[in-house]
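This report concerns only the one structure given below.
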Amino acid sequence: MTIDRIIQNFEILGDWEERYRYVIDLGRKLPDLDNRHKTEENRVKGCVSNVWLVTHVQDEQPPRLEFEADSDAHIVRGLVAILLTIFSGKTAAEILDVDVRGILEQLDLEKHLSPSRSNGFFSMVERIQTLARAASQADRTPETPAPTGLS
């Protein structure tokens, strides 16, 4: 699944009730995160629901970041699935170059999220961008150990 495909599906769906069901369905398809990763260190701060995010840096040049994540709330789990679709498998530079607000506008999503869900969504984005910046720095200095939250 690509973000372009998700955007197309959103355009096909008529009302927001259908779109919410689609977001929840995306979350249901998200693989479960192993319980050993559901730690305080991996929890995304700023989310009302519990959200855990794990990053794996692929050993290639430039390194690509793969993300695993989970949430204990259905709609948030769907938002997590959308974010993983946007960011996972990209280099740090590509991640930092993504126009997330533009994608949200295309999905017409931001005005349909509660303030707490919107804040949580952007907390997840900030965490992903912070990990990308850290991976970018680690890539420039190979002798430096990987930053916390990266494996």
Inset, instruction - Just tell me which lysines come within less than 25 Å, Cα to Cα, of Lys38; anything on the same chain fewer than 8 places away is out. - result: Lys29, Lys90
Legend entry - Estimated distance in nm for a label pair at Asp34 and Ser118, the labels positioned 7 Å out from Cα along Cα-to-Cβ: 3.8 nm
Legend entry - Amide H contacts of Arg64 (H built 1.01 Å from N, under 5 Å, at least 5 apart or other chain): Gln58
Legend entry - Charge tally in the Cβ shell below 12 Å around Glu126, where Lys, Arg are +1 and Asp, Glu are -1, Glu126 excluded: +3
Legend entry - Separation between Cα centres of the stretch 100-133 and the stretch 1-47, rounded to whole Å: 12 Å
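All of the numbers you see were taken from the coordinates with simple rules; none came from a lab. Note that the structure is predicted; figures quoted are calculated from it, not measured. Please note: Cβ atoms are built from the backbone with ideal geometry, for glycine as well, and neighbour counts cover all protein chains shown.
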